[in-house]
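**Q** This is the structure, below, for whatever I ask next.
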Amino acid sequence: MDPLFSVVIVNWNTRELLLNCVQSIYDNTTEKNYDIWVVDNASSDSSVEALRAKFPAVKVVASETNLGFAGGNNLALEKITAKYALLLNTDTLVKPNAFD
């Protein structure tokens, strides 16, 4: 069954912000009908490796070039199967029950 919504996060060299953002999603949601997609815009700070190591369930699209926020989101939006998409910046910290 497809998730109700996909969380899409575009990253470029903000590894720690990205990891904190994803952690805040897992820590503060009770609704589990979502998936998380991260588009990495050719980061050089080991963002992809750190993300895959800590959060293996997150779907990663590793772009070879920096496509910017809009271009990165478009890469993920072409792939998701959810009815809705929530686009986040890496500096977002999800508050408790925000997705509920």
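**Q** Among Trp12, Trp37, which is the only one that is among the aromatic types (Phe, Trp, Tyr) and under 10 Å from the mean Cα position of the chain (by Cα)? Explain how you work it out, then say what you get.
**A** Numbers: Trp12 fails: under 10 Å from the mean Cα position of the chain (by Cα).
Going through Trp12, Trp37 in turn, just one is among the aromatic types (Phe, Trp, Tyr) and under 10 Å from the mean Cα position of the chain (by Cα): Trp37.
**Q** Can you name the strands (runs of 3 or more DSSP E) wholly within the stretch 9-100 that have at least 2 residues being surrounded by fewer than 18 Cβ atoms within 10 Å (Cβ to Cβ), modelled with pLDDT of 95 or more and touching an Asp or Glu at 6+ places or on another chain (Cβ under 9 Å)?
**A** Numbers: elements: 34-41, 59-63, 84-89.
Here the list reads 59-63.
**Q** Any idea how many residues of the stretch 58-100 are touching a residue at least 60 places away in the same chain (Cβ under 8 Å), in contact with a strand residue (DSSP E or B) (Cβ under 6 Å, 6 or more places away or on another chain) and of a type in the set (Ser, Thr, Tyr)?
**A** 2
**Q** Further question: Among the candidates Ala82, Ala50, single out the residue that is in contact with a Pro (Cβ under 6 Å, 6 or more places away or on another chain) and hydrophobic (A, V, I, L, M, F, W, C). Lay out the reasoning, then the answer.
**A** On the way: Ala50 fails: in contact with a Pro (Cβ under 6 Å, 6 or more places away or on another chain).
Result: Ala82 is the single residue among Ala82, Ala50 that is in contact with a Pro (Cβ under 6 Å, 6 or more places away or on another chain) and hydrophobic (A, V, I, L, M, F, W, C).
**Q** Now for a separate question. With respect to the numbered conditions (1) of a type outside the set (Gly, Ala, Ser); (2) without any contact (Cβ under 8 Å) to a residue 40 or more places away in the chain; (3) in contact with a Lys or Arg (Cβ under 7 Å, 6 or more places away or on another chain), which one is the sole condition not fulfilled by Glu49?
**A** Condition (3) is where Glu49 drops out.
The values are calculated or read from the model by the stated rules, or taken from the named source; none is laboratory data. This structure is a prediction, so every number in the text was calculated from the model and none was measured. We place every Cβ from the backbone using ideal geometry, glycine too, and count neighbours over all the protein chains shown.
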